[in-house]
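In what follows, a structure is listed as structure tokens, so that the remarks can point back to it.
The values are calculated or read from the model by the stated rules, or taken from the named source; none is laboratory data. Small disclaimer: the values here were computed from a predicted structure and weren't measured. Counting neighbours? That spans all protein chains shown, and the Cβs are built from the backbone with ideal geometry, glycine included.
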Amino acid sequence: MAKDNPAAYQSDLADTQQGLGILYDARGRTKEAEDAYREALAIRRRLAGTNPAAFQPFVAETLYNLGLFYIHTQRFTEAETADREALEIYRQLVQVNPVAHTRHLAQTLNDLAALHGEAGNLTLLKSRPKRQSPSIGKRWRKAGWTGDDLAKNLLLLAVTKILDRQPASTTCPLLREAGSVAYDEELKREAAAKASACTLGDGKAKISGVI
């Protein structure tokens, strides 16, 4: 049907292929999963070529899912390539519609940070029961983000966590770190304003009036 009427059915075909990729990945059928993801990505790239506003978000979504698949199969270089392309698309989309895409951008940033091990190699961070894991800021610095870029990413992640109603004990340190690494004065003021809402009460961090 998609061959007979591409304009009407290509998008649905891509949705189906991505769904199959997720299903095959969950069942350990890696070859079929990768084929399905790649088919979905190829279709969505073609659609985005003629209508980027409508289909670029779906290209980023498929790249993100493909990155997860590569993580599952320990193909970390390919995972980083997919995630970095998804990240660039989400950065552009956030400029147009931050409400719709901020969470996706933050999640992609999180996954990219997790790909970088302590020596900066593309290895998943291993759990260390006897030692605290490096902060997200430290991981991002090892991934090459510094200064204002790092501050923007930390602010973005903090706001996303606030929207998810996560405790201030997880968001306030991000806001404070953003202020400490920023060079741009406006960025410093933004981080300081948000961090100033962080207070301690009953031994627990609290936050109010941030957004």
Residue tally, condition surrounded by fewer than 21 Cβ atoms within 10 Å (Cβ to Cβ) and in a helix (DSSP H, G or I), over segment 26-38: 7
Filtered residues of segment 148-181 (kept if farther than 19 Å from Val94 by Cβ and part of a loop (DSSP other than H, G, I, E, B)): Arg165, Gln166, Pro167
Single match in Glu80, Glu85 (criterion: under 26 Å from Leu115 (Cα atoms), touching a residue at least 40 places away in the same chain (Cβ under 8 Å) and within 16 Å of the chain's Cα centre (by Cα)): Glu80
Among the candidates Leu41, Leu13, Leu23, Leu47, residue that is assigned to a helix (DSSP H, G or I), closer than 19 Å to Gln92 by Cα and more than 20 Å from the chain's Cα centre (by Cα): Leu47
Test: residue in segment 101-108 that is modelled with pLDDT under 55 and either under 23 Å from Pro173 (Cβ atoms) or assigned to a loop (DSSP other than H, G, I, E, B) (or both): no
Number of positions in segment 71-83 that are farther than 18 Å from Asp25 by Cα and surrounded by fewer than 15 Cβ atoms within 10 Å (Cβ to Cβ): 1
Pairs with Cβ under 8 Å, 6+ apart, first in segment 147-158 and over 12 Å from Leu175 (Cβ atoms) and of a type outside the set (A, V, I, L, M), second surrounded by 24 or more Cβ atoms within 10 Å (Cβ to Cβ) and at pLDDT below 75: Asn153/Trp140
